[in-house]
Amino acid sequence: MSRFVDRVVIHVAAGSGGNGCASVHREKYKPLGGPDGGNGGNGGNVVLVVDSNVHTLLDFHFRPHASASNGKQGHGANRDGATGEDLELHVPDGTVILDPDGEIIVDLVGHGTRFVAAQGGRGGLGNAALASKARRAPGFALLGEPGETRDLVLELRSVADAGLLGFPSAGKSSLISVLSQARPKIADYPFTTLVPNLGVVTAGESIYTIADVPGLIPGASQGKGLGLDFLRHIERCSVLVHVVDCATFEADRDPLSDIDALEEELARYTPALGGDLADRPRLVVLNKVDVPEARELAELIRPDIEARGLPVFEVSTATREGLRELSFALAKVIEDDRAAKPAPEPSRIVLRPTAVDDAGFTVVADPEEEGAFFVHGERPARWIRQTDFNNTEAVGYLGDRLARLGVEDALAKAGAVPGCPVTIGGVTFDWEPSTPAGIAMLMHNRGSDPRLDLNERVGASERKAAKIARRTRTDDEDL
Ligand SMILES: Nc1nc2c(ncn2[C@@H]2O[C@H](COP(=O)(O)OP(=O)(O)OP(=O)(O)O)[C@@H](O)[C@H]2O)c(=O)[nH]1
Ligand SMILES: [Mg+2]
C-alpha cells in the first residue's frame, strides 16, 4: 500500500575529512628525502535533489538517518586520500527545508534543484603541503575536519496551479478525476480523501496541475475534521476553486453559507511561504447539477455569487457538463499568473547562505568570568579542529596561524593579559602571547589524549603546572 507522508524530520551527517599524512621520503643513500605525506580526502556532502518522479517523503519516514562517506587519509609518497562520495537524497518538487525551530532554510522547487544539506569535512593537509621555507620538514599533518551533522525538517508543499477547496463529499475528487488522469478514491461518505492528490490538466495549449486536498469543515482551524494542515498543499496555487455541493439536503447548509464558512477557515491559515491565501483569485464551481434540485438551486444563487465578483461554473462530474468551460477558465487565470511571474529556472543549485564571515574573527570578553575571553570565528575554530594536540609541532603551527591572523593583537587590544583563559572553538587554554610553543606545552600536559575532553576547561592546577613548564622552557631557550 502506498502511503503519503508530507512532513518528516531527518538527521543528516556529512562525511569527515581524512587526516593528512606526515611522512618522509626515503630512498637508498637518501634517508631524509623531504616530506611526502599526502592530503586527506574531503568528506562527502549530503545533498537534497528535487526529483519530479518522487511524490512523497515516505522514504524518509522509514529511513530518517542519512550519512555520506568519509574522506580517506593521505599516504606517503604524496598520495592523497580518496574523496568521500556525496550522498544524494531525492525529494519531491516543493519540499521546504526547515530547521528544528521551524525557521525556513530553503524552499526547493524545480526538478534538479540541489541543496547541500550537510557539508563534508575538509581533508587535512599532509606534511608535504605544509612545508614552507620556514618549515622545511614538518613532522606533523593536519587532521581532517568532522563532517557537518544537522537535524532538518522536510515539509512538502505541493507545487500545483489550482487548488480545490470544499466541504467533504462536495465532489472535489470526482472533479480532479474527470479533469485529469488522477484516479483518487471517490465515495459518498465524508473524508474519503485523506491525503492530497495531484492531477495534470490539459486545456488547449495549456497544461497545469490541480490539487485535491481533504475536505474542510467549520472549525478546521481548531483542528476539527482533518484540520488546516493540508492547506499547505495549496499555498503555491495561483487560483483556488470552491467546489460547492448543490445537491446536499443537510438542513443547515446552503451553497453561500458553505463558501462563507470555508473563507472564514482560510482566513485563519497563515501560509509559511508568505503571502495570503485571501489574495488568490477564486472561482466557484456549483457541482452536481445533474440532480434537478441542484440545478434549480444553482441557478437561484448564481447571481448572488457573481455579485461578489466571483466567476461561477455550473458543472456535473457525473455527466461532464460544464467541465470544458471550467478547465479553460482555469487555464486563463493560471496563464495570466504565469505571465506576471518571472520564468522559473529549470534547475538550480541553492547555495547555503554562509552564516559567518569566513575571513574574520571576533574577540569577546566572557560575561561569566572576569578576565576570560572567547575568540569566535570560522577560521580559528577550523584550525583548532585541524590540530593534533598530541603533536607539539602541530600545536606550534596553530599558534603561528593564530598570531598571523591577528588574534594575539586583538586579544591584547581587548585587554587580555598573559595567562588569562582564552577559548577558541571549544578549547580553552592560557593565553601566552608570542610563545605558541607554550600552548603546546600546556596542551601536552593534559593526559594521553587531550582531544577526548576538549570542551573541558583546563584545571587551575594544570595551568599552574603548564606555566612552570613554560618557564623552564623559556629558561632553556635563554641559554
Ligand atoms: N449526482 C452527482 N454526484 C456526484 C457528482 N460529483 C460527485 N458526486 C458524488 O458525491 C460523492 C462524493 O464525491 P467525492 O468526489 O468523493 O467528494 P470529495 O469532495 O472528494 O469528498 P472528500 O474526499 O470526503 O472531501 C460521491 O458519491 C460522488 O459519486 C455529480 O456531479 N453528480
Ligand atoms: Mg475526496
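Please treat every number below as a calculation from the coordinates, not as lab data. Just so it is clear, the structure is predicted and the values come from calculations on it, not from any experiment. Here the Cβ is made from the backbone with ideal geometry for all residues, glycine too, and neighbour counts use every protein chain on show.
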Overall dimensions of region 155-233 by Cα: Rg and Dmax, Å: 12.5, 41
Set of aspartates and glutamates with alpha-carbon distance to LYS28 below 19 Å, sequence-local pairs under 8 removed: ASP36
Share antiparallel - DSSP beta bridges, the chain, percent rounded to 5: 55 percent
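Rounded to the nearest 0.05, what FRET efficiency do ALA278 and HIS11 give with R0 = 35 Å and r taken as the Cβ-Cβ distance? Could you check? Write down the numbers at each step before the final one.
Values: r = 37 Å, r/R0 = 1.07.
After rounding to 0.05, the efficiency reads 0.40.
Projected area of region 46-137, taken from the Cα convex hull and averaged over every viewing direction, in nm²?
Numbers: hull surface 35.9 nm².
Its average projected convex-hull area is 9.0 nm².
Kirkwood-based Rg over Rh for the chain (C-alpha set), two decimals?
Numbers: Rg = 32.4 Å, Rh = 27.2 Å.
For the chain, the value is 1.19.
Given R₀ = 45 Å, what would the calculated FRET efficiency be for ALA307 paired with ILE104, taking r from the Cβ atoms and rounding to 0.05? Before the final figure, lay out each step's value.
Details: r = 39 Å, r/R0 = 0.87.
Plugging the Cβ-Cβ distance into 1/(1 + (r/R0)^6) gives 0.70.
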Tensor-based shape of region 162-340 (alpha-carbon gyration tensor, a/c under 1.5 rounded, otherwise prolate or oblate): rounded
Within region 135-217, chymotrypsin sites (Phe, Trp or Tyr not before Pro) in DSSP loop having at most 13 other beta-carbon neighbours inside 10 Å: PHE191
For ALA68, net neighbour charge (Lys/Arg +1, Asp/Glu -1) across residues whose Cβ lies under 11 Å away: -4
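What net charge is computed for the residues neighbouring PHE249, neighbours being all others with C-beta under 12 Å from the C-beta of PHE249, Lys and Arg scored +1, Asp and Glu -1? Mind dumping the intermediate values first?
On the way: positive: ARG253, LYS288; negative: ASP245, GLU250, ASP252, ASP254, GLU293.
That sum, taken over residues with Cβ under 12 Å, equals -3.
Among the chymotrypsin sites (Phe, Trp or Tyr not before Pro) in region 1-108, which ones are in a DSSP loop with at most 15 other Cβ atoms within 10 Å of the Cβ? Mind listing them?
Details: sites: PHE4, TYR29, PHE60, PHE62; in loops: PHE4, TYR29.
Of the chymotrypsin sites (Phe, Trp or Tyr not before Pro), the ones in loops of region 1-108 whose Cβ has at most 15 other Cβ atoms within 10 Å are PHE4, TYR29.
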Eligible aspartates and glutamates near LYS332 by straight Cα distance, threshold 15 Å, same-chain separation 8 or greater: ASP161, GLU205
With at most 14 neighbouring Cβ atoms within 10 Å, loop GluC sites (Glu not before Pro) (DSSP) excluded, longest segment of the chain: 251-367
ASP400 versus GLU88: modelled label distance in nm, points set 7 Å from Cα along the beta carbon direction: 4.2 nm
Centroid-to-centroid separation of region 10-43 and region 84-125 [C-alpha atoms, Å]: 29 Å
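Counting other Cβ atoms within 10 Å, keep those with at most 11, restrict to DSSP loop, and tell me which chymotrypsin sites (Phe, Trp or Tyr not before Pro) in region 242-317 are left. Walk me through the numbers on the way to the answer.
On the way: sites: PHE249, TYR269, PHE313; in loops: PHE249, TYR269.
For chymotrypsin sites (Phe, Trp or Tyr not before Pro) across region 242-317 that sit outside H, G, I, E and B with at most 11 neighbouring Cβ atoms in 10 Å, the list reads PHE249.
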Entries of LYS30/LYS133; LYS72/LYS413; LYS185/LYS341; LYS224/LYS341 with Cα pairs more than 31 Å apart: LYS72/LYS413; LYS185/LYS341; LYS224/LYS341
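Based on the Cα gyration tensor of region 1-156, what are the three equivalent ellipsoid semi-axes, each the root of five times an eigenvalue, rounded to whole Å and given largest first?
Numbers: eigenvalues 369, 35, 24 Å².
With the √(5λ) rule applied to region 1-156, the semi-axes are 43, 13, 11 Å.
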Label-point separation, SER206 to SER257 (7 Å along Cα→Cβ), nm: 3.4 nm
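To the nearest 500 deg cm²/dmol, what mean residue ellipticity at 222 nm is calculated for the chain from DSSP H runs of n ≥ 4 alone, each contributing -39,500 (n - 2.57), summed and divided by the residues? Display every interim value, and only then the final one.
Values: 11 runs with 123 residues, N = 479.
Result for the chain: -8000 deg cm²/dmol, rounded to the nearest 500.
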